[in-house]
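Below is one structure, written out as structure tokens; comments come after it.
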Amino acid sequence: MSDLKTFIQDVLEANHADNGKIEEQIARFEAEGRRIVAGGQISETTWDIVDWRTNEILAAGEDGLDGYLAAGKELDPDDKWVHYDRVLEDTDLTQVDGGDLPDGLADVIEDWALSGDAEEIAEFIGWSVDKVELYQD
């Protein structure tokens, strides 16, 4: 049981550290004058482009990938925008070793640790609820 608790603690600690790395990467991009955006294809035809920092919808459409690409070029002619996915790709994220846990089970436990009920997780691993909430964000 203690190995499982340790794994969950490691997942939360890695998430907390990785969030710091992501913020640092975003700060570097923004210092270069770049804008972080999110969004993309929602369905085969529907798409949106969203300012990551403000959550403002900058553009949206129902004209598929061609419309999405055209809107991106029109709104960002100087190619200063960086998609949030690139931020993640450019950040060295921590891989937590699940030990003897099957990969599928480790994935489920990781998902639970990062998005489950903080009170339940705190009670199980022996942390405060506040610490779990902080490390989940």
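The values are calculated or read from the model by the stated rules, or taken from the named source; none is laboratory data. All figures in this text were calculated on a predicted structure; none of them were measured in a lab. Cβ coordinates were reconstructed from backbone atoms using ideal geometry, including for glycine residues, and neighbour counts include every protein chain displayed. In case anyone asks, the SASA skips ligands and DNA or RNA and just uses the protein heavy atoms, side chains included. Shrake-Rupley method; radii C 1.70, N 1.55, O 1.52, S 1.80 Å.
Remark: relative contact order (the chain) = 31 percent; criterion is Cα-Cα distance under 8 angstrom and separation of 6 or more residues. If you plug the beta carbon distance of ALA31 and HIS83 into 1/(1 + (r/R0)^6) with R0 = 25 Å, you get a FRET efficiency near 0.90.
Per residue, the chain exposes 64 Å² of solvent-accessible protein surface, assessed with a 1.4 angstrom probe and all protein chains in place. A straight chain from ILE22 to ARG53 at 0.36 nm per residue would run longer than the Cα-Cα distance by 9.9 nm. Taking GluC sites (Glu not before Pro) across region 1-106, the ones in a DSSP loop with at most 15 further Cβ atoms lying within 10 angstrom of their Cβ are GLU32, GLU44, GLU56, GLU62. Estimated at the nearest 10 Å², the accessible area of LYS5 is 70 Å² with a 1.4 Å probe. Normalised Debye scattering of the chain at q = 0.16, 0.17, 0.18, 0.21 Å⁻¹ gives log10 I(q)/I(0) of -0.91, -0.95, -0.99, -1.12, counting only Cα atoms as equal scatterers and leaving out solvent. Carbon and sulfur atoms: what percent of the 1.4 Å accessible area of the chain do they account for? That fraction is 47 percent. Rg/Rh, computed from the Cα trace of region 68-137 with Rh as the Kirkwood radius, has the value 1.20. The equivalent ellipsoid that matches the C-alpha gyration tensor of region 41-91 spans semi-axes of 18, 13, 11 angstrom, in descending order.
Please give the charge dipole size of region 53-137, origin at the Cα centre, charges +1 on K and R Cβ atoms and -1 on D and E Cβ atoms. Round to the nearest 20 debye. Don't skip to the end; give the middle numbers.
Values: 5 positive and 25 negative charges, 60 e Å.
Roughly 280 debye for region 53-137.
Across region 12-72, Cα-Cα pairs more than 19 Å apart make up 46 percent of the total. Approximating the spin labels as points 7 Å out from Cα along Cα→Cβ, the ALA38-to-ASP92 distance works out to 2.6 nm. Annotation: amide H-H contacts under 5 Å for LEU58 (H modelled 1.01 Å from N, sequence separation of 5 or more, or interchain): ILE49, VAL50, ASP51.
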